[in-house]
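Encoded as structure tokens, the structure appears first; notes follow it.
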Amino acid sequence: MSELPQLAPRCIHLQSKAMAVHGEAFETDPDYQDGLSDVWCVLTARALGPDGDDVGLKECCDRNRTCYQEY
């Protein structure tokens, strides 16, 4: 198993099933590791944030997004 990249703190509004079930250990979820865990913004309940940009673990670490709130 390859190591997952360390990312900057993510937005508090980012959510996925793996995060809901496993909490901060979500990266150990096999579905997450296989790229099968969808993510969404809790503010929009969609894969687009309130700023109209895509939602994702990498994208939601961008402190310059208007909707970003550090987790």
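The values are calculated or read from the model by the stated rules, or taken from the named source; none is laboratory data. Please read these numbers as outputs of a predicted model, since none were measured by experiment. Ideal geometry is used to build each Cβ from the backbone, glycine not excepted, and the neighbour counts take in all protein chains shown.
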| request: For residue 49, work out the one condition from (1) out of contact with any His (no Cβ under 9 Å at 6 or more places or on another chain); (2) surrounded by 15 or more Cβ atoms within 10 Å (Cβ to Cβ); (3) not aromatic (Phe, Trp, Tyr) it doesn't fulfil. | output: (1)
| task | Determine, yes or no, whether residue 33 is more than 18 Å from residue 8 (Cα to Cα) and in contact (Cβ under 8 Å) with a residue 24 or more places away in the chain. | result | yes
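Surrounded by 13 or more Cβ atoms within 10 Å (Cβ to Cβ) and aliphatic (A, V, I, L, M): does that describe residue 57? Don't jump to the end; show me each part of the working.
Values: surrounded by 13 or more Cβ atoms within 10 Å (Cβ to Cβ): yes; aliphatic (A, V, I, L, M): yes.
Judged against the criteria, residue 57 is a match.
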| task | Please list, ordered by first then second residue, the pairs with beta carbon atoms under 6 Å, 6 or more apart or interchain, first in the stretch 49-71 and within 19 Å of residue 38 (Cβ to Cβ) and of a type in the set (A, V, I, L, M, F, W, C), second in a helix (DSSP H, G or I) and at pLDDT 95 or above. | result | none
| said: Here's a check for you: in the stretch 13-42, which residue that is exposed (fewer than 15 other Cβ atoms within 10 Å of the Cβ) and not in a helix (DSSP H, G or I) is modelled with the highest pLDDT? | reply: 42
